[in-house]
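**Student:** Just dropping this structure here.
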Amino acid sequence: MTMVVWRKARRSDDMGGNCIELAPMPDGVGIRDSKDPDGPRLIIGRSAFQAFTTALKRH
């Protein structure tokens, strides 16, 4: 079993605001709400995640 290491977004703060965490996973990139670490997780394929972040950088 591989341990998943979650990283909080750099722009997140510790004041309880909107935060996400990302983790590399065998099937892609995991995304979760840092306020609910045991809650649902979204896993996006690496190429889809790369396209998503590229689109974000354009705006």
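The values are calculated or read from the model by the stated rules, or taken from the named source; none is laboratory data. Bear in mind that the values here come from a model prediction, so they are computed numbers and not experimental data. We place every Cβ from the backbone using ideal geometry, glycine too, and count neighbours over all the protein chains shown. Keep in mind that these areas ignore ligands, DNA and RNA; they rest on the heavy atoms of the full protein, side chains included. Shrake-Rupley method; radii C 1.70, N 1.55, O 1.52, S 1.80 Å.
**Student:** May I ask for the longest run of the chain untouched by trypsin sites (Lys or Arg not before Pro) that are loop-located per DSSP and have at most 11 neighbouring C-beta atoms (other than their own) within 10 Å? If you can, show how the numbers build up before the last one.
**Tutor:** Values: sites that count: 10, 11.
For trypsin sites (Lys or Arg not before Pro) (loop position, at most 11 other Cβ atoms within 10 Å), the longest site-free span of the chain is 12-59.
**Student:** Related question: Given a 1.4 angstrom probe, I'd like the percentage of the accessible area of the chain that is carbon and sulfur, rounded to a whole number. Let's see the in-between values first.
**Tutor:** Working: 2820 of 5080 Å².
Using a 1.4 Å probe with all protein chains present, the chain comes out at 56 percent carbon and sulfur.
**Student:** Something else about it: With label points built 7 Å along Cα→Cβ from the Cα atoms of residue 7 and residue 36, find their separation and express it in nm.
**Tutor:** So the label points at residue 7 and residue 36 sit 2.5 nm apart.
**Student:** Could you give each residue of the range 24-33 its phi-based ³J(HN,Hα) in whole Hz, using Karplus coefficients 6.51, -1.76, 1.60 with θ = phi - 60°, and x for Gly or Pro?
**Tutor:** Working through the residues one at a time gives x, 9, x, 9, x, 10, x, 10, 8, 7 Hz.
**Student:** On to the next question. Give me the compactness ratio for the chain, meaning the Cα radius of gyration over 2.2 N^0.38 Å. Show your work: numbers first, answer last.
**Tutor:** Details: Rg = 12.2 Å, N = 59, 2.2 N^0.38 = 10.4 Å.
After normalising by residue count via 2.2 N^0.38 Å, the value is 1.18.
**Student:** What is the sum of charges around residue 31, taking Lys and Arg as +1, Asp and Glu as -1, for the other residues whose C-beta is under 14 Å from the C-beta of residue 31? Mind showing how you got there, number by number?
**Tutor:** Working: positive: 7, 8, 32, 35, 41, 46; negative: 21, 27, 33, 36.
Combined, the nearby Lys, Arg, Asp and Glu give +2.
**Student:** Another question, if that's okay. Using Cα pairs under 8 angstrom and six or more residues apart, how large is the relative contact order of the chain, in percent? Don't skip to the answer; put the middle values down first.
**Tutor:** Values: 73 pairs, mean separation 13.2, N = 59.
Dividing the mean separation by the residue count of the chain yields 22 percent.
**Student:** Now a separate question. Need the full-extension length gain, residue 54 to residue 22, defined as separation in residues times 0.36 nm minus the C-alpha distance. One decimal, nm.
**Tutor:** Details: separation 32, 0.36 × 32 = 11.52 nm, distance 1.60 nm.
9.9 nm is the gain from fully extending residue 54 to residue 22.
**Student:** Could I ask something else about it? Would you compute, from DSSP H runs of 4+ residues alone, the mean residue ellipticity of the chain at 222 nm, taking -39500 (n - 2.57) per run and dividing by the full residue count, rounded to the nearest 500? Before the final figure, lay out the partial values.
**Tutor:** Details: 1 runs with 13 residues, N = 59.
Per the formula, -7000 deg cm²/dmol.
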